[in-house]
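Participant: Supplied in structure tokens, the structure appears directly below.
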Amino acid sequence: EDLGVVAVGFSGGQCKPGVDAAPSALIESGLLSSLRDELNYKLHGDDTVHSYKDLVPKEDPPFRNMKNPKAVSSVTERLCDQVYAHAREGRMVLTLGGDHSIAIGTIAGSAKAVRERLGREMAVIWVDAHADINTPETSGSGNIHGMPVSFLTGLSKEEKPEYFGWLKSDHLINVKKLVYIGLRDVDAGEKRILRENGIKAFSMFDIDRHGIGRVVEMALAHIGSDTPIHLSFDVDALDPMWAPSTGTPVRGGLTLREGDYICESVHMTGSLVAVDLVEVNPSLAPEVELGAHETVRAGCSLVRCALGESLL
Ligand code: ARG
Ligand code: MN
Ligand code: MN
Ligand code: MN
């Protein structure tokens, strides 16, 4: 099977340096070679880690409270084209982030390709401690990695092309086809947005109550069978015990096994079209080297499960 790979060394959606080094760390630890050699994927685009330096402007003052707005807008616009080009060829697409702002590009690109190729609305499974659905106005931080879902659902709109105005209706997803798993740190404004739009969300409370098996079953039932799925996995969905090296860790998260289970289950639907793995930051952890090693290892495991490893 063909796999488009986009390695995104970009950190402008938040303020901590280091998350741009994740793709290289994941690749150096053997992720792509195992996909090629063990899972028998034919890789495309795996030879480059993109830094998009040429797209990052010198002057990039806040706009509507967003930090680095021009950089994030132009990088995600470019990334959208890259993901679209792979998906248009019928390839599964794997994107290695980078912070979660990059999902603006990956989901826009795959949503558009799915519309064109299959005439279908794509579903998104967003696995995260956070909802990342702030609008520029509700965000307390101004960090765009806390906003991608609001732009992708059309809840945040902007005309100016250099500030995400390049997002057109064919890039967007339906809030009815979005489902969250793993939430436990959702801002007050985000809770209101989730409630007012009837967005399906399974928090850690739901996982404690029903177990991961039932939660994934309910999440997939919400989407409906035979719907193309984009899986966007923020490594901070995992408990910091498994993934300490990330910019916004939150205790009380998924075990690695629960994360792997989500990925395996989504793979088993046969409907997966794209996977993002984001927010691995090898330079952050109480014990940096050990933490980075564990987090990278966890990230590799999640991706391999999503792409079909370990099914007997
Ligand atoms: N809700 C917070 C914010 O808006 C945290 C977002 C964290 N997002 C992430 N992709 N790690 O800034
Ligand atoms: Mn390409
Ligand atoms: Mn998160
Ligand atoms: Mn996130």
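Bear in mind that the values in this text are calculations on the coordinates, not laboratory data. Because the structure is predicted, anything quoted here is derived from the model rather than measured. As a convention, Cβ positions derive from the backbone with ideal geometry for all residues, glycine included, and neighbour counts pool all protein chains shown.
Participant: Residues with beta-carbon under 9 Å from that of Lys70, excluding Lys70: net charge, scoring Lys, Arg +1 and Asp, Glu -1?
Facilitator: Result for the local shell: -3.
Participant: With a 4.7 Å Cβ cut-off, tell me which Cys residues in the chain come up empty for a partner.
Facilitator: Taking the Cβ cut-off of 4.7 Å, the unpaired cysteines of the chain are Cys15, Cys80, Cys300.
Participant: Right, something else. Mean projection of the alpha-carbon convex hull of the stretch 262-301 over all orientations, in nm²?
Facilitator: 3.2 nm²
Participant: Just the Cα atoms of the stretch 155-308: what Rg and Dmax do they give in Å?
Facilitator: Cα radius of gyration and Dmax of the stretch 155-308 are 16.4, 45 Å respectively.
Participant: Could you state the per residue volume, in Å³, of the convex hull enclosing the Cα atoms of the stretch 116-160?
Facilitator: Value for the stretch 116-160: 106 Å³ per residue.
Participant: Taking amide H positions as placed in the peptide plane 1.01 Å from N, state which residues far from Val49 in sequence (5 or more) or on other chains have amide H under 5 Å from it.
Facilitator: none
Participant: Now a separate question. Under a GNM of the chain (C-alpha, springs under 10 Å), which listed residue has the highest mean-square fluctuation: His50, His145, His100?
Facilitator: Its mean-square fluctuation being the largest, the pick is His50.
Participant: Pairs of Cα atoms under 8 Å, at least six residues apart: use those to get the relative contact order of the chain, whole percent.
Facilitator: 21 percent.
Participant: In Å and whole numbers, how far do the C-alpha atoms of the chain stretch along each principal axis, longest first?
Facilitator: Computed over the chain, the largest-to-smallest principal extents equal 50, 45, 40 Å.
Participant: On alpha-carbon atoms, Rg over Rh for the stretch 1-61 using Kirkwood Rh?
Facilitator: 1.08
Participant: Going through the cross-link list Lys70/Lys157; Lys157/Lys200; Lys42/Lys70, which pairs have a Cα-Cα distance over 24 Å in this structure?
Facilitator: Those over the limit are Lys42/Lys70.
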